[in-house]
Amino acid sequence: MPPLVFAGEARRLTAALGEAASGRAFVLQAGDCSESFAELSADSIRDKLRVILQMAVVLTYGAGLPVVKIGRIAGQFAKPRSSPTEVVDGVELPAFRGHMVNDDLPTQQARTPDPSRLLAAYHQSASTLNLLRAFTKGGFADLSQVHSWTQQFVAASEEGRRYEQIAGEIDRALRFMAACGIGLTTEAALHQVELNTSHEALLLGYEEALTRVDSLTGDWYDCSAHMLWVGERTRQVDGAHIEFLSGVHNPVGAKIGPAATPEEVLAICERLNPSRIPGRLTLITRMGSAKVRERLPSLLEAVAGSGHPVVWVCDPMHGNTFVSDSGHKTRRFDEIVDEIRGFFEVHHDSGTWPGGLHVELTGDDVTECLGGIGDIAEDQLHERYTTTCDPRLNARQAIDLAFRVAELLRT
Ligand code: PEP
Ligand code: CO
């Protein structure tokens, strides 16, 4: 199959991430925990893109810096699992491993791996990426348009009005640019955006099949996405996944959980970025709100001491997951915010740059995470709980979160 992305695009992303490694940009990486074959539609792609763009505008204003936008999209179909089986209604079934492997329905047949799903995932990635490219280059990402959606969010509820001041400031900034003769609909930078794709490089057979030699440089690139990351469960420094990522020239990431030691993290830095190229390596910490202030400082100190240029990104989702009394996997909005706050505090104390945010979200009005705008309660989780894997922020919770992070960035 043809590659999905071009090596030159991956190199541009490395350069943009290099700015985030040096404190001159902020990263927003966001999308589904696990993309679904059942949810492929223009509307769902558009709505997800819209909320990512809205978050990015708010964060750009908060940081006063460029925001590097990366979707967990167009390839995020494979899931690592803590347990190979699960029990549903008393029956033990193989775990769901993402639509690239099996189906989420709780039957033996649905859970049987089917290799034709690899091809289906490729085709869904191609059509998703095609529409994303059309939207981001064709006017959908127009800055004044994106801001007007956010203003509707701010006006629509009491909680949203909390952000009236920032939204008003963005509004004035846009009118100022227009008054200076900068055309918001004609100026390419305000009219188009770069949206990069990323996913966890979990199924190495799939990733290898899309790994090609770049004709311009002679280097190997994994052309299934611009950026690939290795998950918390597969980041062993002598393991296959790190070995694979060490051989491609894309920007790569590694998830870092609370059990990671400074030695392990330094070994990952050496292995994935021996030439110390800024932007090549992003460390995505996912400690949990209760542990971030305790576990992160020694890692920051070790990496800073080694001189490795890394982008530090906070994933406030995966360390804060629990099962509610109703049996739903969920996360509390307040704990998500608290982990981000802890991440900023620890970076502030160690003089390092809190370089970005990694979240699971959807553009749909789901009820999967607790609290936030709309104050979703435990007894509401069942109402619109449609994720095939981890609980996602809905569009309003995601924009709410962006405003809170913008406030943190400004202080
Ligand atoms: C994920 O990003 O969906 C995931 C499984 O994360 P982690 O590897 O950090 O647990
Ligand atoms: Co997840």
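Just one of Val51, Val58, Val68, Val87 is open to solvent by 20 Å² or more (accessible area, probe 1.4 Å), more than 16 Å from ligand 1 (Cβ to nearest atom) and β-branched (Val, Ile, Thr); which is it? Break it down stepwise before answering.
Numbers: Val51 fails: open to solvent by 20 Å² or more (accessible area, probe 1.4 Å); Val58 fails: open to solvent by 20 Å² or more (accessible area, probe 1.4 Å); Val68 fails: open to solvent by 20 Å² or more (accessible area, probe 1.4 Å).
Only one candidate qualifies: Val87.
Please count how many residues of the range 1-47 are among the acidic types (Asp, Glu) and within 16 Å of the chain's Cα centre (by Cα).
Kept after step one, since they are among the acidic types (Asp, Glu), are these residues of the range 1-47: 9, 19, 32, 35, 39, 43, 47.
Now narrow it down to the ones that are within 16 Å of the chain's Cα centre (by Cα): 32, 35, 47.
Number of matching residues: 3.
Which of the residues spanning the range 53-91 are under 25 Å from Leu228 (Cβ atoms), assigned to a strand (DSSP E or B) and of a type outside the set (A, V, I, L, M)?
Lys69, Gly71, Arg72
Given the conditions (1) within 18 Å of Ile284 (Cα to Cα); (2) within 16 Å of ligand 1 (Cβ to nearest atom); (3) of a type in the set (Ser, Thr, Tyr); (4) open to solvent by 10 Å² or more (accessible area, probe 1.4 Å), which single one is not true for Thr14?
In the conditions (1) within 18 Å of Ile284 (Cα to Cα); (2) within 16 Å of ligand 1 (Cβ to nearest atom); (3) of a type in the set (Ser, Thr, Tyr); (4) open to solvent by 10 Å² or more (accessible area, probe 1.4 Å), Thr14 misses (2) alone.
Determine, yes or no, whether Gln29 is assigned to a strand (DSSP E or B) and within 16 Å of ligand 2 (Cβ to nearest atom).
Details: assigned to a strand (DSSP E or B): yes; within 16 Å of ligand 2 (Cβ to nearest atom): yes.
Yes, satisfied.
The values are calculated or read from the model by the stated rules, or taken from the named source; none is laboratory data. Please read these numbers as outputs of a predicted model, since none were measured by experiment. Glycine gets a Cβ as well: all are built from the backbone with ideal geometry, and neighbour counts include every protein chain shown. Quick note on the areas: whole protein, heavy atoms, side chains included, nothing else; ligands and nucleic acids left out. Shrake-Rupley method; radii C 1.70, N 1.55, O 1.52, S 1.80 Å.
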